[in-house]
Amino acid sequence: MNLKTAKRWFSWHKWTSLICTAFLLLLCITGLPLIFHEEIEHLQNDFEVETVGGKQKMDLDRLAEIAESKNPGKHVRYAFWEKDEHPNQVLFDVVEKPDAHFEESKYILINEYTGEILNEPENEGFLYIMLRLHTDMFAGIPGKLFLGLMGILFFISIVSGIVLYGPIMKNFDFGMVRKLKSKRLQWLDTHNLLGIVTVVWLTIVGLTRVINTLSDVVLGLWQQGQLAEMTAPYRNEKPPEGKLSSLNEAVKAAEEKVPSMDVSVVAYPGTPFTSKHHYAVFMKGNTEVTSKLLMPVLIDAKTGEITDARKMPWYVNTLFISQPLHFGNYGGITLKIIWAIFDIMTIIILITGLYLWFARRKSEIRSKKLLNQRDHAK
Amino acid sequence: MQSKFFKLWGIPIVLGIISLYALISALIGGVVADTIANILLFIPVFITIKNYYKSKY
């Protein structure tokens, strides 16, 4: 590589990194507790419901009524299950209007056997603040997309970093860290070593991050694509008025339609995840991969009959697969610890990079000053 | 020429392949795959720490 090309790559590496470093530091720091959010939540409130052999679970419509009676004037719009992690309990999201902002949601966690309210989790606390800072910096979709843009800059910075690794290290052994020469060389070598060793993890976590920031775009594409196709016959019909068909029957019908899958989420008519006419029962598979994917079964909320059930298109599945790859929550606690170690290594890369830029700038200013002084002396 | 390339890129490429394999196999496979992946992912961490403390330049 000639000097001019190397300088050009260096310039790309410097500027893309400089622009995104502050945001990446924020993401790495807020991401660290989020890796362990399940464990932290478990410590804070632990509501386990043992499976009772022979005992029937309560009717879901009755459970939904309990959630609504706790919040007069509000209605259920989503129901969530986590059958593997927290069996025998259902979480209802209750609001005034189905398209209300998520911050207006009230959450009610209910025991499916007894109808007892186990918890009313709120959008608050340390983890919630970390999550919002991490996903959108409390700035909604624009904040999310902005962080996605920072992710793209980060990717360019990774690629330019790999390209620069060649000319910098070509005369040295792998893993060399010059600790006895100068602080700048020590930090440069640390930056290079950590950078090249973590490069695959950084790229995967960075790119899946960019994909995750596009979740609203993906939702929009799905609404206009597959969802519109599935609900085309209803386009000109009036939304159902009055009492909707049974939630319990809707879930049962979906489970009969795809017996190999379990219910994961039900979206009520009028929410962004379905039409105005349908319950969308999202089913989750049982294998390692299919448990990360969802399949919608649409149920007519007037008649209670199945309208359609389809596998999600590739762009939605890409988003679903990107989520665990970003969160690191798919290989037990050990993988989470590895995620945390790589996260800390990334913080070191960012700080050493920032230091190198600063030290270089300082030495450039100093040499300029010296040259000026020499010119004046002449 | 070839040995020069491997001297420079050999270890980074091997570590890259190990990491990529581990990250994806843990996603696809069950408990055994997860365990192997976790062990494999400790290799780059171990190599970093070893090189950092071993270096006496």
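The values are calculated or read from the model by the stated rules, or taken from the named source; none is laboratory data. Keep in mind the model is a prediction, meaning the values are calculated, not measured. Don't worry about glycine lacking a Cβ; one is built from the backbone with ideal geometry, like all the others, and counts go over all protein chains shown. Heavy atoms of the whole protein, side chains included, go into the accessibility calculation; ligands, DNA and RNA do not. Shrake-Rupley method; radii C 1.70, N 1.55, O 1.52, S 1.80 Å.
Below, the figures for the structure above:
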item	result
A:K257 paired with A:H101, simple spin-label distance in nm, labels 7 Å along Cα-to-beta-carbon	3.3 nm
DSSP-loop trypsin sites (Lys or Arg not before Pro) across the range A:26-88, with at most 16 other Cβ within 10 angstrom	A:K55, A:K57, A:K83
In nm, spacing of pseudo-spin labels at A:Q373 and A:I333 (7 Å Cα→C-beta vector)	5.9 nm
Cα-based helix-to-principal-axis angle, B:31-54 vs chain B, degrees rounded to 10	20 degrees
Set of aspartates and glutamates with alpha-carbon distance to A:K106 below 17 Å, sequence-local pairs under 8 removed	A:E65, A:E68, A:D93, A:E96, A:E116, A:E120, A:E122, A:E124
Where GluC sites (Glu not before Pro) fall in DSSP loop in the range A:107-186, at most 16 other Cβ within 10 Å	A:E116, A:E122, A:E124
Residues listed by number, the range A:237-251, amide nitrogen under 12 Å from A:D59 label point at 7 Å toward C-beta	A:246-249
Accessible area of the range B:2-54 divided out per residue, in Å², using a probe of 1.4 angstrom	58 Å²
Alpha-carbon Rg/Rh ratio, for the range A:1-141, with Rh computed the Kirkwood way	1.21
Nearest 10 degrees, 0 to 90: helix A:125-135 Cα axis against chain A principal axis	70 degrees
Protein accessible area in chain A, 1.4 Å probe - carbon and sulfur %	60 percent
Electrostatic dipole magnitude of chain A [Cβ: Lys, Arg +1; Asp, Glu -1; Cα centre; debye, to 20]	3640 debye
Residues of the range A:221-372: accessible area per residue with a 1.4 Å probe, Å²	51 Å²
Overall Cα dimensions of chain A, principal axis frame, Å, largest first	93, 46, 37
Student exercise, the range A:134-278 dipole from Lys, Arg, Asp, Glu Cβ charges, in Debye to nearest 20	880 debye
Residues in the range B:20-39 that, when all protein chains are in place, have 20 Å² or more less accessible area than the chain alone would give (probe 1.4 Å)	B:L20, B:L23, B:A26, B:L27, B:I28, B:D34, B:N38
Full-extension gain in nm, A:E305 to A:K276, via 0.36 nm per residue minus C-alpha separation	8.9 nm
Total formal charge among the other residues, if their Cβ is under 11 angstrom from that of A:F320, Lys/Arg +1 and Asp/Glu -1	+2
Positive minus negative residues near A:T287 (Lys, Arg vs Asp, Glu; Cβ under 15 Å)	0
Between 0 and 90°, nearest 10: helix B:2-28 axis offset from chain B longest Cα axis	10 degrees
Trypsin sites (Lys or Arg not before Pro) lying in DSSP loop within the range A:168-257, provided at most 14 other Cβ fall within 10 Å	A:K170, A:K181, A:R235, A:K243
In the B-A interface, the accessible area buried, summed over both sides, Å² (probe 1.4 Å)	3100 Å²
Under 13 Å, Cβ to Cβ, from A:A301 - net charge with Lys/Arg +1 and Asp/Glu -1	-1
Principal axis box of the range B:2-54, alpha-carbon based, largest edge first, Å	39, 28, 11
Residue mean of other protein chain beta carbons inside 10 Å, A:161-171	2
Above-threshold pairs, the threshold being 29 Å between Cα atoms, out of A:K97/A:K252; A:K336/B:K7; A:K181/A:K362; A:K70/A:K336	A:K336/B:K7; A:K70/A:K336
Semi-axes of the equivalent ellipsoid for the range A:201-314, Cα gyration tensor, largest first, Å	27, 18, 11
Residue (of A:Y355, A:P296, A:I204) at the positive-pole extreme of chain A, dipole from beta-carbon charges	A:Y355
Shape of the range A:51-99, Cα gyration tensor, a/c cut at 1.5	oblate
